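As structure tokens, the structure follows; a few thoughts come after it.
The values are calculated or read from the model by the stated rules, or taken from the named source; none is laboratory data. What you are looking at is a predicted structure, and each value in this text was computed from that prediction instead of being measured. Methodologically, a virtual Cβ is constructed for each residue, glycine included, from the backbone with ideal geometry; neighbour enumeration extends over all protein chains shown. These area figures cover heavy atoms from the full protein model, side chains too; ligands, DNA and RNA do not enter into them. Shrake-Rupley method; radii C 1.70, N 1.55, O 1.52, S 1.80 Å.
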Amino acid sequence: TTAIVAGTTIPLVMFLLWNAAILGYNLDGSDAADGSILDPLKVLEEDATVGTYIMSFSLLAVATSFIGFVLGLVDFIADGLNMPVNTKSLVPFSLTLVPPALFAVVYPDAFLSALEYAGTYGVLALFGVLPAAMAWKIRERKDLGVADVPSLVPGGVPMLVVVGGAALGVITQQTLINLGGTQF
């Protein structure tokens, strides 16, 4: 019980602090009385206790994501090479860790660009275009026996077109911006 309470309280407090910082931030950047730019995250990091929690939380978030990703990719590569999975073989670990490490050394700023593209294209495709397309396709299929299952999204095909079209519109706009075009 103590582990559950402590394990959920710490992230809750950090989440509330983060929301307080972001929601209290003025978008024009002139929060300070003298008109200078005020960064809410910098203000939180200046406090020794909160700054330590922020840094610890960030490092643990990255570390746990990294560990899970590496272990999954090692097993995937081992399986693809017809090697035993869940072993400590050097080959799948090397194939998992060396190429990204070399890429990060050669292109140190690539990660932020990749995040920007993944956020724009990956998230919008995954959570905007694909759900609308899948819902549309499953509504067309009569052989699946889903005719008597109620639709979770009201509005029928027009609503699916609006959702998928809005996502495609944002993707198109970002593509034009990335190609040096103008916004519409």
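How about region 55-161: which trypsin sites (Lys or Arg not before Pro) there are in a DSSP loop, with at most 13 other Cβ atoms within 10 Å of their Cβ? Passing sites in region 55-161 are Lys88, Arg141, Lys142.
Looking at region 41-139, none of the chymotrypsin sites (Phe, Trp or Tyr not before Pro) sits in a DSSP loop with at most 11 other Cβ atoms within 10 Å of its own Cβ.
The figure for Ile4 is an accessible area of roughly 120 square angstrom, using a 1.4 Å probe on the protein chains alone. Put a dot 7 Å past the Cα of Phe69, heading toward its Cβ, do the same for Phe15, and the two dots end up 2.3 nm apart. Treating r as the C-beta distance of Ile177 and Ala104 and R0 as 30 Å, the FRET efficiency rounds to 0.70. Between Leu112 and Ser58, residue separation times 0.36 nm minus the direct Cα-Cα distance comes to 17.8 nm.
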